[in-house]
Each structure stands twice: as C-alpha cells, then as structure tokens.
Amino acid sequence: MAALLLVAATACGGGHQEDKETGVPAPRAAAASTPPPAPPGPGAARLKALALAPGEKAGKYEAGEPVLDEPMNESYEAVPAVCLPLTSLGGAGHTAQAYAKTGVPGELRDVGTDILLRSYKDGAAAGAALASLTDAGERCAGGYTEDRMLAEGKVLRVEPVAPPGVGDEARAYRIVVQDVKDKDIKLYKYLTVIRSGAVTLSFRSDILDIKDFGGVPPEIVTAQWAKFARGAGASS
C-alpha cells in the first residue's frame, strides 16, 4: 500500500514526469514571467530639448521657429480616413510633442522641412502609430483627398522610398499632390518617420516649386537624429 501511494504521488505531484518511451524525467515547464513595463516617452519639455533649436545648422539648412503653431497637426482630415496618417499623423495617441522647422535662410524657394517629435505611453503604442502609417501607405497608394478646412487637396499617389537606416524602424514616402489652382500641375512632398522606442521623429518636406526635389534632405535627418540620439541614449 505504501508503495502504491508513493507511485501515485510521483505521477500527480511536484516531481518531474517521466517520458513514456525513455523513462527519463521530462523537464519542468518554466513559470511564466511578466516582462517589465516598457518606459514611456519623454515629456514635452524634454522633447523640446531634443529637437533642433532655432539657429542650429544642418548643412545649408537652419532651424527656426515654425510658422504654424503645430506642423502636421490634427486639424486636417482625409477621405478615406485610413489615409490620415499620411496627411497629419492624426489620431496617433501621443502623450507629448515638440516641433521645429528648417529651411535655407533667405531662400523662400528652397526646401522647407517640418520636424515633429512625439512621445507615446510605450514602444508598442509608438509602433502602432507607425503601423497605421504603413497601412496608409499601402492602401492609399492610388491617392486620396485631404480636407484642409478651407479647401480640399487631391493627393494623386503615394510611393514608398528608401527610409534612413536609424532607429528601431522607419518609413519614407514620396507624395504627389495636385495643385489646388491648376489641376494640370503636380507638386511633390516627402514624408519620413523614424521610431525609436516610445518616440517618433517625423520629417515633412516640400518646396514652392513644381520640381521633384528628391526627398527629405538627409542632412536634416542626420542632424536631428544625432541630437535626439545623444540626448535620449538611442542607438542607430
């Protein structure tokens, strides 16, 4: 009787169960562990310190105060709505933001770039924002309509271009827009978004010209990423 009780205790209790074919004790399943919570992105004051400040240089470009209070803000809408991340990065669920604008001093017809840094509650939330941008880039490749409050803008097509090789992930797009006054004129805009942990760094470039200027100036991306990486301890 004692022997039978011992066998039953071994089969049902806390010991290793034996493999039926080899008789070798099977390894005990590891207890599930809860991963530590991911750190949130920095607050608005810290983000502002990580953005290019007025007077800082990036090649021939120089940072200055944005003309608008908030570049790429959420006042625009898009039809269909899935395309909205391409227009304003709207509905992204961010917790804080800071912004800057760069251009060539004294040259109004050169490339201007709006820079927007956004924090999220964690890396997963920032990744979801970038995923929505990726989805928009795929589903809105054939064009969409921007509702710009006082006018409607027609986006003719959206094309992916090579993103910079920094951060945890990045996306970049060439956006061809129909001129509001002359439907036969095409204008070009470029959008690049980098995610690093719980922060996204966005760059939107355009020009007062009909030429395709080739993309967000790489020296601007490099300068902004370098300042952010130094201050946030991010790696490329």
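For region 192-228, taking the residues that are of a type in the set (Gly, Ala, Ser) and touching a Leu at 6+ places or on another chain (Cβ under 9 Å), the one that is nearest to Ser88 (Cα to Cα) is identified as Ser202. Here Lys121 fulfils each of the conditions (1) surrounded by fewer than 17 Cβ atoms within 10 Å (Cβ to Cβ); (2) assigned to a strand (DSSP E or B) apart from (2).
What tally of residues in region 98-115 results from selecting those that are touching a residue at least 12 places away in the same chain (Cβ under 8 Å) and either open to solvent by 10 Å² or more (accessible area, probe 1.4 Å) or not in a strand (DSSP E or B) (or both)?
Restricting attention to region 98-115, the residues satisfying the condition of being touching a residue at least 12 places away in the same chain (Cβ under 8 Å) are 98-105, 108-115.
Now narrow it down to the ones that are either open to solvent by 10 Å² or more (accessible area, probe 1.4 Å) or not in a strand (DSSP E or B) (or both): 99, 101, 103-105, 108-112, 114.
Final tally of qualifying residues: 11.
In region 146-166, which residues are hydrophobic (A, V, I, L, M, F, W, C) and under 16 Å from Leu187 (Cβ atoms)? Answer for region 146-166, where residues must be hydrophobic (A, V, I, L, M, F, W, C) and under 16 Å from Leu187 (Cβ atoms): Ala151, Val155, Leu156, Val158.
Among the residues of region 213-236, write down those that are in contact with a helix residue (DSSP H, G or I) (Cβ under 8 Å, 6 or more places away or on another chain), small (Gly, Ala, Ser) and either part of a loop (DSSP other than H, G, I, E, B) or surrounded by 15 or more Cβ atoms within 10 Å (Cβ to Cβ) (or both).
Let us first name the residues in region 213-236 that are in contact with a helix residue (DSSP H, G or I) (Cβ under 8 Å, 6 or more places away or on another chain), namely 227-228, 231-232, 234-236.
Filter again for small (Gly, Ala, Ser), leaving 231-232, 234-236.
Those that are in contact with a helix residue (DSSP H, G or I) (Cβ under 8 Å, 6 or more places away or on another chain), small (Gly, Ala, Ser) and either part of a loop (DSSP other than H, G, I, E, B) or surrounded by 15 or more Cβ atoms within 10 Å (Cβ to Cβ) (or both): Ala232, Ala234, Ser235, Ser236.
Within region 80-95, restricting attention to residues that are at pLDDT 70 or above and outside any helix (DSSP H, G or I), the residue that is least open to solvent (accessible area, probe 1.4 Å) is Ser88. Given the criteria within 22 Å of Ile210 (Cβ to Cβ), touching a residue at least 12 places away in the same chain (Cβ under 8 Å) and not aliphatic (A, V, I, L, M), does Gly165 qualify? Here the answer is no, as Gly165 does not meet what is asked.
Just the residues that are at pLDDT 95 or above and not hydroxyl-bearing (Ser, Thr, Tyr), please, taken from region 55-79. Spell out how you get there, then give the answer.
To start, the set of residues in region 55-79 that are at pLDDT 95 or above comprises 55-63.
Across region 55-79, the qualifying residues are Gly55, Glu56, Lys57, Ala58, Gly59, Lys60, Glu62, Ala63.
Only residues that are under 20 Å from Tyr144 (Cβ atoms), in contact (Cβ under 8 Å) with a residue 60 or more places away in the chain, open to solvent by less than 50 Å² (accessible area, probe 1.4 Å) and not aromatic (Phe, Trp, Tyr) were counted across region 173-212, and they come to 6. Pairs under 7 Å by beta carbon, first residue open to solvent by less than 50 Å² (accessible area, probe 1.4 Å) in region 41-60, partner among the basic types (Lys, Arg), six or more apart or different chains? Going by the 7 Å Cβ cut-off, the qualifying pairs are Leu50/Lys227; Leu52/Lys227.
A quick yes/no check of all residues on (1) surrounded by 14 or more Cβ atoms within 10 Å (Cβ to Cβ); (2) closer than 21 Å to Ser75 by Cα:
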residue	(1), (2)
Leu117	yes, yes
Ala126	yes, yes
Ala129	yes, yes
Gly137	yes, yes
Gly142	no, no
Glu146	yes, yes
Gly153	yes, yes
Val161	yes, no
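If you go through region 119-141 and keep only what is among the small types (Gly, Ala, Ser), closer than 21 Å to Thr192 by Cβ and in contact (Cβ under 8 Å) with a residue 12 or more places away in the chain, you end up with Ser119, Gly123, Ala125, Ala126, Gly127, Ala128, Ala129, Ser132, Ala136, Gly137, Ala141.
The values are calculated or read from the model by the stated rules, or taken from the named source; none is laboratory data. Not measured: the values here are computed from a predicted model. We place every Cβ from the backbone using ideal geometry, glycine too, and count neighbours over all the protein chains shown. Surface accessibility is based on the protein's heavy atoms, side chains included, excluding ligands, DNA and RNA. Shrake-Rupley method; radii C 1.70, N 1.55, O 1.52, S 1.80 Å.
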